[in-house]
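Structure record follows, encoded as structure tokens.
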Number of protein chains: 2
Amino acid sequence: MTSQPAAALEGPPNPRRAEILGAAAELFARRGYHGVSIGDLGRAVGLTGPALYRHFSGKDAVLAEMLLDISERLLAEGVRRAADPDPGRALDALLHWHIAFALDNPALITVHERELDNVPEPQRHRIRRLQRAYVEEWVAVLRRLNPGLPAGRTRAAVHACFGLLNSTPRSAAGLDREAMGGLLHTMARAALEAVR
Amino acid sequence: MTSQPAAALEGPPNPRRAEILGAAAELFARRGYHGVSIGDLGRAVGLTGPALYRHFSGKDAVLAEMLLDISERLLAEGVRRAADPDPGRALDALLHWHIAFALDNPALITVHERELDNVPEPQRHRIRRLQRAYVEEWVAVLRRLNPGLPAGRTRAAVHACFGLLNSTPRSAAGLDREAMGGLLHTMARAALEAVR
DNA sequence: TGCCGATGTTAACGCTCGTTAACAACTCTA
DNA sequence: TAGAGTTGTTAACGAGCGTTAACATCGGCA
């Protein structure tokens, strides 16, 4: 048999796959999923287009695996941080986590935010469930911090907060990482505390 | 001669053009510029694809005119509102304006935020200049409100604030317009005031 | 040593894209 | 009423897309 480009079934961590996923993240973030061709993707890692099919079953499989991986990483660590019994500390821990992720992986955050609709249907549902679960971790922490806050209003506030935090890739101003992270933390915390 | 699908040269306000621009905004926002074909665009207004060339010189001209129009509207009213001698009132007026625009035109805000790179070069510069000028209106108001705030930090804060406000189309939760507008205003104002 | 799986290549496929050409219908107006 | 301009249609173009097929190379191992 040739290769088996199935899902991420935890074989030995194939470096070529990782390389392709990294390059694809940059390209998808910059030009959008439909603005990137298989040829572009191959060229970005020094290959021709069709070589990609040795590692993935198709273009949409690259996107699907990328989004699935992001969603799982965000949620897993989010659950861990939200578990702090002190809701104020839990919120700060969530903020630190999300900000660090966004600053370290601006392309991934952008793709995660924009391209879910281009994932084929079996996996799109799974990714959406993970994304929603991540949001609910934040919602739960906020409502522990501020009981009586309606769920709908809290969810809207969390989405707005993500909009603020995920703006990093678009601004990326002259500020260094530490200054930018501190600014985002300060603003997001203040924004969420203002919700009553 | 046939028609002259040049830029927006202020003839009588052609309703077909406006109809196409409106449909294009929805489609570009939902699927991205490259995810929408000329055929899709025509079909959305009850025409065939090639009919579009009676009104625009090409697909990119639709996007360019759309972004130019948004940028001009945002800036014109932004300048007006930022002129309030009281910087606190000016900031509230800017917030009201941007929030109202985002709530009333979620598709436009999304396209404005994402698709500038797909505008061909003569007009991209103009749009970018307008966008920057709009940001600078906000920056100036914030620095009147808080003298001594470094320009770079202020600009980053404004971009983060836009990320918060422009999240509306993505969340669009069960909240009604008034509740959503109030929430965004509260959060954005608190986020900006926290910047020191 | 000879084979086999893994990982590349080039060539070719069917399809869709943006765009243009050629033509038809309708509305004004001279 | 003839003619011109406007706005639509269908047909056709060349290019590029995602994908598959056929073949080459190379390393590890019976």
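Just a few scattered comments:
- Scanning segment A:109-139 for residues that are touching a residue at least 60 places away in the same chain (Cβ under 8 Å) and touching a Lys or Arg at 6+ places or on another chain (Cβ under 9 Å) yields a total of 5.
- Cβ-Cβ contacts under 8 Å between residues 6 or more apart (or on different chains), taken from a first residue in segment B:164-193 that is within 9 Å of chain A (Cβ to nearest Cβ) and without any contact (Cβ under 8 Å) to a residue 12 or more places away in the chain to a second residue that is open to solvent by 10 Å² or more (accessible area, probe 1.4 Å) and aromatic (F, W, Y), are listed as B:S167/A:F162.
- Test result for B:T110, surrounded by 15 or more Cβ atoms within 10 Å (Cβ to Cβ), closer than 27 Å to B:Y33 by Cβ and modelled with pLDDT under 95: no
- Members of segment A:15-59 found to be under 21 Å from B:G35 (Cβ atoms), within 15 Å of DNA strand C (Cβ to nearest atom) and of a type in the set (D, E), listed by number: A:D40
- Within segment A:156-178, being within 17 Å of B:G163 (Cβ to Cβ) and either among the basic types (K, R) or open to solvent by 30 Å² or more (accessible area, probe 1.4 Å) (or both) holds for A:H159, A:P169, A:R170, A:A172, A:A173, A:L175.
- Across segment B:23-64, the number of residues qualifying as open to solvent by less than 50 Å² (accessible area, probe 1.4 Å), within 11 Å of DNA strand D (Cβ to nearest atom) and either of a type in the set (D, E, K, R) or closer than 13 Å to B:E115 by Cβ (or both) comes to 0.
- The set of residues in segment B:65-91 that are within 20 Å of the chain's Cα centre (by Cα), charged (D, E, K, R) and open to solvent by less than 50 Å² (accessible area, probe 1.4 Å) comprises B:E65, B:E77.
- The conditions of being near DNA strand D (Cβ under 10 Å from one of its atoms) and of a type outside the set (D, E) are not met by A:V79.
The values are calculated or read from the model by the stated rules, or taken from the named source; none is laboratory data. Owing to the predicted nature of the structure, the values given are computational and were not obtained by experimental measurement. With ideal geometry, Cβ positions are generated from the backbone for all residues, glycine too; neighbour counts draw on all protein chains shown. These area figures cover heavy atoms from the full protein model, side chains too; ligands, DNA and RNA do not enter into them. Shrake-Rupley method; radii C 1.70, N 1.55, O 1.52, S 1.80 Å.
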